[in-house]
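What follows is a single structure, written as structure tokens, with notes after it.
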Amino acid sequence: MTYCVGLLLRAGMVLLSDTRTNAGLDNISTYRKMFVFEVPDERVIAIMTAGSLSVTQTTIARLHEAIDEDGDNPEASILAAPTMLKVAEVVGATLAAVTTDIGQKMTAMKQAASASMIVAGQRRGGGMRMFLIYPEGNFIEATEDAPFLQIGEHKYGKPILDRVVTPDTPLDDARKAVLLSMDSTLRSNLSVGMPLDLLVIEADTFRAGARQRIEADDPAFRAMSAAWSEALREAFRRIEI
């Protein structure tokens, strides 16, 4: 299982993913689930993945291959797409094709394989956009009414986002919100695990901004987690019924 979350704000975008891949209690590995594609000062695209590792890795590999061969088929390259909507369509079509290919093989073995993705980015001349891509290739988009998207084990980390995140949330507060959202998920689901990958993309910079790999022994994250736990306990004690 996994947990990935992305916030779309007026000030920019904040994305966070875990790295745990679980194929059974005795087969737990670490794989990157956040991938960044960029042409600095022209466009930046971030993709986060959840689901079958074979599906997600094959999809990302095909996207890279299309970029390397964009002279042959520029419509298949996300770095040549004219809009972020077209980027979402390319990623969706690629994910759907891979899901079908691998799904047919897995069906013969009476197994299933699917994946979902969050695609976020901005190209010069357009606004920031963020999409959740489903296994079938269709997608939904983050809006002012729903300024965040989640994939994977999302239920534990959603309440804090519902309460504190708005389109006007500053990037520093947004970074805190996604980390606390992840902390709640880590506390409640062992299939989500460290290390974490964090990315901040400031609006209209057209490049990846602050990037951080947060390890399990990161002192700042551990201090934040402890402070949040104490704040919740104190708030619980103060509430009267």
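The values are calculated or read from the model by the stated rules, or taken from the named source; none is laboratory data. Just so you know, these numbers come straight off a predicted model, no measurement behind them. All Cβ positions, even for glycine, are placed from backbone atoms using ideal geometry, and neighbour counts span all protein chains on display.
Taken together, Arg187, Arg163, Arg175 contain a single residue that is within 16 Å of Ala226 (Cα to Cα) and out of contact with any helix residue (DSSP H, G or I) (no Cβ under 7 Å at 6 or more places or on another chain), which is Arg187. Of everything listed in (1) in a loop (DSSP other than H, G, I, E, B); (2) loosely packed, with under 14 Cβ neighbours inside 10 Å, the single unmet condition for Arg207 is (2). Scanning segment 1-50 for residues that are in a strand (DSSP E or B), modelled with pLDDT of 95 or more and more than 17 Å from Arg123 (Cα to Cα) turns up Tyr3, Cys4, Val5, Gly6, Leu7, Leu15, Leu16, Ser17, Met34, Met48, Thr49, Ala50. Scanning segment 100-135 for residues that are over 22 Å from Val44 (Cα atoms) and at pLDDT 95 or above, we see that the one that is surrounded by the fewest Cβ atoms within 10 Å (Cβ to Cβ) is Pro135. Of the residues in segment 62-75, at least one is among the β-branched types (Val, Ile, Thr) and more than 22 Å from Met1 (Cβ to Cβ). Filtering segment 51-76 to residues that are within 28 Å of Thr30 (Cα to Cα) and assigned to a loop (DSSP other than H, G, I, E, B) leaves only Ser52. Tell me, please, whether a residue that is touching a Phe, Trp or Tyr at 6+ places or on another chain (Cβ under 6 Å), within 27 Å of Val55 (Cβ to Cβ), hydroxyl-bearing (Ser, Thr, Tyr) and surrounded by fewer than 19 Cβ atoms within 10 Å (Cβ to Cβ) can be found in segment 179-189. The answer is yes; a qualifying residue exists.
Restricting attention to segment 210-241, the residues that are in contact (Cβ under 8 Å) with a residue 60 or more places away in the chain and assigned to a loop (DSSP other than H, G, I, E, B) total 0. Within segment 51-72, the residues that satisfy the criterion of being buried (at least 17 other Cβ atoms within 10 Å of the Cβ), hydrophobic (A, V, I, L, M, F, W, C) and closer than 22 Å to Gln122 by Cα are Ile60, Leu63, Ala66.
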